[in-house]
Every structure is written in C-alpha cells, then in structure tokens.
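J.: This is the structure, below, for whatever I ask next.
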Amino acid sequence: MQKWMGNARLICKQFIIPFTIFQGVRTILLPTTFDVLLLTLFIGIGLAIYFDWI
C-alpha cells in the first residue's frame, strides 16, 4: 500500500464512527432516501476499514 493510501485509511478510521453516529441520529429524526443511502455507505466503509477489507 502506498504511503498516502495508508494515511487516508488512518484518517477515515478516525472519523468514520462519529460520522456514522451523527448520520444514524439524523436518519432517525428526519429520514430521507439520501440519508439512508449515506448511512449505509458509512456503515460499509466502517466495516471495510475495521475488518481490513480495504
């Protein structure tokens, strides 16, 4: 893995959980199609990072 990709992965790993929690609360309060898709994307990215799929 290139150095910049490793740095990007570490940055994403640091921010994905707060973004996912915020998006989950937002989706519960005001659900739109975009919010649900974005929450699904954040969950997928979070799983991929923490299980080393990427």
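Only the coordinates and a few stated rules stand behind these numbers; no lab work does. Only a predicted model underlies this, so the values are computations on that prediction, with no experimental measurement involved.
J.: Tell me, what ³J(HN,Hα) does each residue in segment 36-49 have, in order and in whole Hz, if you take phi through Karplus 6.51 cos²θ - 1.76 cosθ + 1.60 with θ = phi - 60° and put x for Gly and Pro?
T.: Whole-Hz 3J(HN,Hα) from phi for segment 36-49: 5, 5, 5, 5, 4, 4, 4, 5, x, 5, x, 5, 5, 6.
J.: Sum -39500 (n - 2.57) across every DSSP H segment of at least 4 residues in the chain, then divide by the residue count to get the 222 nm mean residue ellipticity, nearest 500.
T.: Helix contribution divided over all residues of the chain: -29000 deg cm²/dmol.
J.: Out of all Cα-Cα pairs in the chain, roughly what percent, to the nearest whole number, are more than 13 Å apart?
T.: 60
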